[in-house]
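Structure, as structure tokens:
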Amino acid sequence: VEASLYTLSAEGETAVTLLGESQPVIWLNSGPSVAEPEQRLNTQWSEPIELVCMDDLPEALERGNEMTVRLVWQAAGEVREDYTAFLHLVDADGMLLAQQDQPPGGIFYPTSAWRVGDRIETVFTLTVPDGSAPDSYRLLAGLYDPDSGERLPIDGNGDVTLLAKIDVEVEESSPESE
């Protein structure tokens, strides 16, 4: 059996090739419907990609804990290139504490295959390292070209967007019982 995950025709149609025959693909979501995040964002990159919303995040995390961040992107026009999204947790000096990078549509739906109006959900998971200093950190998101590493500029304001400020705390130890 010969198969490819997807191809794009000259007309921009997405297709799967099975046994040498190209078949059109309709993108389907499986599983229960999940409510769209309520926190609205309005970040527009220089390519027609918008970050439109995200889940509410905790204001504080203890060292060693995970934080799950769900972002929703939208294709505001034809996206010609494939981009990778990043989520960085940085201190006041910009030093990286935690990060995750991944294509916003996953490996099966790259940004160049997005159609105008598509809304794409991406879930990131960051772990706050055990040895992190208690402090206030910034959660930043952005996009970059995975081939060159060059970040995609945000219209009118740098190349990252501030999603939240997160306080990292030290877990209070409970007194030992006698």
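The values are calculated or read from the model by the stated rules, or taken from the named source; none is laboratory data. All figures in this text were calculated on a predicted structure; none of them were measured in a lab. A quick note on method: Cβ atoms are made from the backbone with ideal geometry, for glycine too, and the neighbour counts reach across all protein chains shown. Accessible surface is based on the protein model in full, side chains and every heavy atom, while ligands, DNA and RNA are left aside. Shrake-Rupley method; radii C 1.70, N 1.55, O 1.52, S 1.80 Å.
Can you tell me which residue among LEU87, LEU162 is open to solvent by less than 50 Å² (accessible area, probe 1.4 Å) and under 22 Å from PRO37 (Cβ atoms)? Can you show your working first?
Details: LEU162 fails: open to solvent by less than 50 Å² (accessible area, probe 1.4 Å).
Answer to the selection: LEU87.
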Notebook entry, point to check: Of the residues in region 56-84, how many are without any contact (Cβ under 8 Å) to a residue 24 or more places away in the chain and open to solvent by less than 50 Å² (accessible area, probe 1.4 Å)?
Noted result: 0
Checklist line | Test result for THR111, open to solvent by less than 10 Å² (accessible area, probe 1.4 Å) and either of a type in the set (Lys, Arg) or within 21 Å of PRO48 (Cβ to Cβ) (or both) | finding: yes
Check: In this structure, is SER148 open to solvent by less than 30 Å² (accessible area, probe 1.4 Å), assigned to a loop (DSSP other than H, G, I, E, B), of a type in the set (Ser, Thr, Tyr) and at negative phi?
Finding: no
Next item on the list: Return a yes/no flag: does region 32-48 have any residue that is open to solvent by less than 40 Å² (accessible area, probe 1.4 Å), small (Gly, Ala, Ser) and either modelled with pLDDT under 60 or within 18 Å of ARG115 (Cα to Cα) (or both).
Entry: no
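Under the condition of being among the acidic types (Asp, Glu) and open to solvent by 50 Å² or more (accessible area, probe 1.4 Å), which residue from region 120-145 is nearest to the chain's Cα centre (by Cα)?
GLU121
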Note to self: What's the number of the only condition in (1) more than 14 Å from the chain's Cα centre (by Cα); (2) open to solvent by 90 Å² or more (accessible area, probe 1.4 Å) that GLU169 fails to meet?
What the structure shows: (2)
